[in-house]
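The structure under discussion appears below in the form of structure tokens.
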Amino acid sequence: MVSCAHDHSRWGVDDQLGAANQLTPESTLAALAMANSGQILDLSFIIENGAPYMGPNQTPYVIHSGATARNSMKVRAELGATNQVGANLERVGMTMHVGTHIDALGHFSIGEHLYGGHNIDDSVGDFGLKDLGIENIPPMITRGLCLNVSGLDDGAHLAAGRPVTADDLKRVCEARNVSPQAGDVVMINTGWGRFFMTDNETYLEGEPGIEEGAAKWLTELGVVAIGADNMALEVLPGTKHPEIMMPVHQHCLAEAGVHIIENMALAELAGMGVDTFCFVILPVKFKGATGCPVRPVAIL
């Protein structure tokens, strides 16, 4: 169960910036050296109308044309343009947690406590986060590790509500002769991503995911982010202690300073049997945002 203690020395991370800011030029160069074929795998889904969202906190993604080429040609012609100059623009309404996205450290609290000694009264304002917003996440070019747990129960995917434990992750690591290292971004392929935009009702009714012990095993090894092919990384609904909600988010974001990446497209990567690779993710610096859509890639 999550405690409100903030002993960040356990993870060796900066109280203000989190684990990702501990990445070094040396770790970046080591990750780049892993790329030898140059093949790029896109680990994100397309964001479009109808993208799954969790209400009531989240709202639907909506896009519509704010200006069209035909209308803008008319406007510019009235201003004296003679070259039929048209432009298309759009307006988008969305939560920053739509599609493939990364969570900022200020996304979750334990009571009033946020990561690094911050608190919700001082850090949350009318225009977003004053501290711990998405703009503080650095570009990450580091080693990626994909742990494919989708077949643990002899099926194509794990079932909704199936917790993935630390022992499950260790078994996969042993079978594949890999292990999480400090500075890694670890991705968990549960097989649940097959339902993204193909069966959103199933995708949202629950999900397999890691439980708190698995998250703690990874953070204590020094990983900088954990991602998964599901909506919330962690198992939903939680079955061991159903009265404790979203403990993995609380641990990773509010205690360990480790970012969470959700709705990842991992099927191709897992299907190729690729375990380790050069991983690149560049969060957009929306000032004060609690997360943002991203397009992470694996460079093989």
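The values are calculated or read from the model by the stated rules, or taken from the named source; none is laboratory data. Only a predicted model underlies this, so the values are computations on that prediction, with no experimental measurement involved. Positions of Cβ are backbone-derived with ideal geometry, glycine not excepted, and every protein chain shown enters the neighbour counts.
Return the residue satisfying two criteria in turn: it lies in the stretch 77-95 and is hydrophobic (A, V, I, L, M, F, W, C) and not in a loop (DSSP other than H, G, I, E, B), and of such residues it is farthest from GLY291 (Cα to Cα). By that ranking, first place goes to ALA77.
Looking at the stretch 186-196, is at least one residue buried (at least 21 other Cβ atoms within 10 Å of the Cβ) and hydroxyl-bearing (Ser, Thr, Tyr)? The answer is yes; a qualifying residue exists. Filter the stretch 96-130 down to the residues that are free of Cβ contacts under 8 Å to residues at least 60 places away in the same chain and not in a strand (DSSP E or B) and list them by number. Scanning the stretch 96-130 gives GLU112, HIS118, ILE120, ASP121, ASP122, SER123, ASP126. Would you confirm whether any residue within the stretch 217-231 is in a helix (DSSP H, G or I) and surrounded by 21 or more Cβ atoms within 10 Å (Cβ to Cβ)? Yes, because at least one residue in the stretch 217-231 is in a helix (DSSP H, G or I) and surrounded by 21 or more Cβ atoms within 10 Å (Cβ to Cβ).
VAL248 - would you say it is without any contact (Cβ under 8 Å) to a residue 40 or more places away in the chain, buried (at least 18 other Cβ atoms within 10 Å of the Cβ) and over 23 Å from PRO25 (Cα atoms)? Yes, satisfied. Condition first: more than 18 Å from THR100 (Cβ to Cβ), in contact (Cβ under 8 Å) with a residue 24 or more places away in the chain, in the same structural domain as GLY288 (by TED's automatic domain parsing) and of a type outside the set (Gly, Ala, Ser). Can you find one or more residues in the stretch 181-194 that meet it? Looking through the stretch 181-194, at least one residue is more than 18 Å from THR100 (Cβ to Cβ), in contact (Cβ under 8 Å) with a residue 24 or more places away in the chain, in the same structural domain as GLY288 (by TED's automatic domain parsing) and of a type outside the set (Gly, Ala, Ser). Taking the conditions exactly as written (in contact (Cβ under 8 Å) with a residue 24 or more places away in the chain and out of contact with any Ser or Thr (no Cβ under 7 Å at 6 or more places or on another chain)), does ARG91 satisfy them or not? For ARG91, the condition - in contact (Cβ under 8 Å) with a residue 24 or more places away in the chain and out of contact with any Ser or Thr (no Cβ under 7 Å at 6 or more places or on another chain) - is met. Quick one: in the stretch 232-250, of everything that is in contact with a Gly (Cβ under 8 Å, 6 or more places away or on another chain) and not in a loop (DSSP other than H, G, I, E, B), which residue is nearest to ILE137 (Cα to Cα)? Within the stretch 232-250, the match that is nearest to ILE137 (Cα to Cα) is VAL248. Considering (1) exposed (fewer than 14 other Cβ atoms within 10 Å of the Cβ); (2) at pLDDT below 95; (3) under 30 Å from LYS216 (Cβ atoms), the lone condition that GLY66 does not fulfil carries the number (3).
Note on the stretch 251-276: among residues that are of a type in the set (Val, Ile, Thr) and not in a strand (DSSP E or B), the one that is surrounded by the fewest Cβ atoms within 10 Å (Cβ to Cβ) is VAL274.
Go through (1) at pLDDT 95 or above; (2) farther than 26 Å from ILE188 by Cβ and name the single condition ARG171 misses. Against the list (1) at pLDDT 95 or above; (2) farther than 26 Å from ILE188 by Cβ, ARG171 comes up short only on (2). Scanning the stretch 178-207 for residues being more than 16 Å from GLY271 (Cβ to Cβ) and under 17 Å from the mean Cα position of the chain (by Cα) gives a total of 7.
Looking at the structure I just gave you, is ASP154 farther than 30 Å from GLN250 by Cβ and in the same structural domain as ILE281 (by TED's automatic domain parsing)? Yes, satisfied. Checking each residue in the stretch 278-300 for being among the hydrophobic types (A, V, I, L, M, F, W, C) and either within 11 Å of ILE137 (Cβ to Cβ) or surrounded by fewer than 22 Cβ atoms within 10 Å (Cβ to Cβ) (or both) picks out CYS278, ILE281, LEU282, VAL284, PHE286, ALA289, CYS292, VAL294, VAL297, ILE299, LEU300. Restricting to the stretch 28-43, and then to whatever is among the small types (Gly, Ala, Ser) and either in a helix (DSSP H, G or I) or not assigned by TED's automatic domain parsing to the domain that holds MET187 (or both), can you tell me which residue is nearest to the chain's Cα centre (by Cα)? Result: ALA31.
When the residues of the stretch 41-58 are filtered to those that are surrounded by 13 or more Cβ atoms within 10 Å (Cβ to Cβ) and in contact with a Phe, Trp or Tyr (Cβ under 9 Å, 6 or more places away or on another chain), the one that is farthest from THR100 (Cα to Cα) is LEU41.
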